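Working notes, structure below.
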Amino acid sequence: QVQLVESGGGLVQPGGSLRLSCAASGSISSLNVMGWYRQAPGKQRELVTTITSDGITNYADSVKGRFTISRDNAKNTVYLQMNSLKPEDTAVYYCNALIRHSGLDYRDHWGRGTQVTVSS
């Protein structure tokens, strides 16, 4: 019943910016850790950034200083602000969330992904 919907992907030039959003809906008691992953052609899916329910963040070295993750718990939404984009950032970006449905029933959920292409 839980659905994660990403938005905000697109085509940008190197040095440009994009802001991704991921809204969670459905049978949710609370949102735990949320994050963003990405997968480029020919590569494995990699962790980009995560944020805990109380706002603690972590970033992959490749995006540190350029990307910022944030969340709005009232809206069940997580954001990814991407600045100074590089061609190497081209990938499908996936939203991930550890969701507490009830009690100790925690489940890991994934969005279907949104394409980010950085090219001249």
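The values are calculated or read from the model by the stated rules, or taken from the named source; none is laboratory data. Keep in mind that what you see is a predicted model, and the values were worked out from it rather than measured. Reconstructed Cβ throughout: ideal geometry from the backbone, glycine too, with neighbour counts over all protein chains shown. All accessible areas refer to the heavy atoms of the entire protein, side chains included, with ligands and DNA or RNA removed. Shrake-Rupley method; radii C 1.70, N 1.55, O 1.52, S 1.80 Å.
Per residue of the range 66-80, in order, report the coupling 6.51 cos²θ - 1.76 cosθ + 1.60 (Karplus, θ = phi - 60°) as ³J(HN,Hα) in whole Hz, putting x for Gly and Pro.
Result, ordered by residue: 10, 10, 9, 9, 8, 8, 10, 5, 5, 9, 6, 10, 10, 10, 9 Hz.
Among the lysines, select those whose C-alpha is under 22 Å from the C-alpha of LYS64, and discard any that sit fewer than 8 residues away in the same chain.
By straight Cα distance, LYS64 reaches LYS43, LYS86.
Give me the accessible area per residue for the range 1-51, probe 1.4 Å, as a whole number in Å².
The answer is 53 Å² per residue.
Show me, for the range 26-32, the HN-Hα J-couplings you get by feeding each phi into the Karplus relation (A = 6.51, B = -1.76, C = 1.60, θ = phi - 60°), rounded to Hz, glycine and proline as x.
Whole-Hz 3J(HN,Hα) from phi for the range 26-32: x, 7, 10, 8, 7, 9, 9.
What net charge is computed for the residues neighbouring TYR94, neighbours being all others with C-beta under 15 Å from the C-beta of TYR94, Lys and Arg scored +1, Asp and Glu -1? The partial results should precede the final answer.
Values: positive: ARG38, LYS43, ARG45, ARG112; negative: GLU6, GLU46, ASP89, ASP108.
That works out to 0.
Using a basic spin-label model with each label point 7 Å from the Cα along Cα→Cβ, how many nm lie between SER30 and ASP105?
1.7 nm
With contacts defined as alpha carbon pairs under 8 Å and 6 or more residues apart, what's the relative contact order of the chain in percent?
36 percent
How compact and how long is the chain, expressed as Rg and Dmax of its alpha-carbon atoms in Å?
Spelled out, the Cα radius of gyration and Dmax of the chain are 14.1, 49 Å.
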